[in-house]
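Chemist: Below are the structure tokens for one structure; questions will follow.
Throughout, read-outs are computed from the coordinates displayed, never taken from laboratory work. Everything numeric here is computed off the predicted structure, so don't read it as measured data. Cβ atoms come from the backbone with ideal geometry, glycine included; neighbour counts cover every protein chain shown.
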Amino acid sequence: YGSGLPKDEL
Amino acid sequence: MNIFRLAGDLSHLLAIILLLIKIWKTRSCAGISGKSQILFAVVYVSRYLDLVTTFISLYNTLMKLVFITSSFATLYLMYVKFKATYDHNHDSFRIEFLLLPCFVLALLINASFTPLEVLWTFSIYLEAVAILPQLFLVSKTGEAESITSHYLFALGSYRALYLLNWIYRYYAEGHYDLIAIFAGAIQTILYCDFFYLYITKVLKGKKLQLPA
């Protein structure tokens with residue numbers, strides 16, 4: 001569903 | 001970083017500053033939902049736990065610290081310093097009805113079943129609906145002060161701008177995150193009714209008053 005951590009967005 | 005993302009972050013920052021200015025200048029938190037502010041504090045804390053595990057950029061770290069600190073400052077002003085002005089009776093939304101489903105959903109739908117990832121996902125789901133107690137409060141009292149309206153407009157615009165950022169990133173970088181996109185779309189949709197009132201009333205110099 002998502003790319004997983006770490007995220008570069010807030 | 002693209003223009004939509006930067007505009008979104010600045011809009012988010014502006015919203016937080018507007019709220020603090022409103023409370024500080026009027027010495028009152030009337031019309032502001034403490035329930036929503038509690039939810040936002042939970043959102044920031046559960047999302048930004050990676051502050052202690054990963055360094056992304058100075059910008060990223062500073063913004064996270066600003067969001068966490070300002071949300072606790074807002075809670076302090078509402079529940080301690082200007083407690084007497086808090087609209088307790090109208091702010092009756094039951095936040096457990098948002099907290100629990102978001103947590104269960106985060107346990108079920110996430111990128112990977114690890115504590116940090118589940119908490120990040122929880123924060124994304126919770127942020128999408130965290131404004132509901134505030135919108136509920138406005139609908140109960142039937143009106144909002146203009147600075148409160150500006151706050152809500154900036155706060156709603158932030159995720160709408162992020163949606164543009166995600167569209168841009170999908171085409172430019174092939175980057176996408178379905179959880180964030182889905183929740184961000186819900187979050188933006190929740191503001192649509194307010195956006196309409198803001199544009200048709202507040203921008204024309206009228207007070208935001210709901211039709212009776």
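Chemist: Based on this model, can you work out whether B:PHE182 counts as surrounded by 15 or more Cβ atoms within 10 Å (Cβ to Cβ), more than 13 Å from the chain's Cα centre (by Cα) and within 14 Å of chain A (Cβ to nearest Cβ)?
Modeler: So B:PHE182 passes the test.
Chemist: Do we find that B:PHE67 is within 17 Å of B:TYR48 (Cα to Cα) and either in contact with a helix residue (DSSP H, G or I) (Cβ under 9 Å, 6 or more places away or on another chain) or touching a residue at least 60 places away in the same chain (Cβ under 8 Å) (or both) in this structure?
Modeler: yes
Chemist: Just checking, how many residues over region B:129-166 are part of a helix (DSSP H, G or I) and away from every other protein chain (no Cβ under 14 Å)?
Modeler: Adding up the residues that qualify gives 23.
Chemist: Can you spot a residue in region B:68-84 that is in contact with a Ser or Thr (Cβ under 9 Å, 6 or more places away or on another chain) and crowded, with 17+ Cβ neighbours inside 10 Å?
Modeler: Yes, because at least one residue in region B:68-84 is in contact with a Ser or Thr (Cβ under 9 Å, 6 or more places away or on another chain) and crowded, with 17+ Cβ neighbours inside 10 Å.
Chemist: Tell me, which residue of region B:31-42 that is of a type in the set (A, V, I, L, M) and surrounded by fewer than 24 Cβ atoms within 10 Å (Cβ to Cβ) is nearest to B:VAL66 (Cα to Cα)?
Modeler: Residue satisfying both the conditions and the ranking: B:ALA41.
Chemist: Only one residue in B:LEU77, B:LEU107, B:LEU100, B:LEU126 is more than 20 Å from B:ARG159 (Cα to Cα), touching a Cys at 6+ places or on another chain (Cβ under 7 Å) and assigned to a helix (DSSP H, G or I), so which one is that?
Modeler: The unique qualifying residue is B:LEU77.
Chemist: Can you spot a residue in region B:203-211 that is within 18 Å of the chain's Cα centre (by Cα), within 25 Å of B:ASP87 (Cα to Cα) and not in a helix (DSSP H, G or I)?
Modeler: The answer is no; no qualifying residue exists.
Chemist: Give just the number: which of (1) within 14 Å of another protein chain (Cβ to nearest Cβ); (2) touching a residue at least 40 places away in the same chain (Cβ under 8 Å) does B:THR114 not satisfy?
Modeler: (2)
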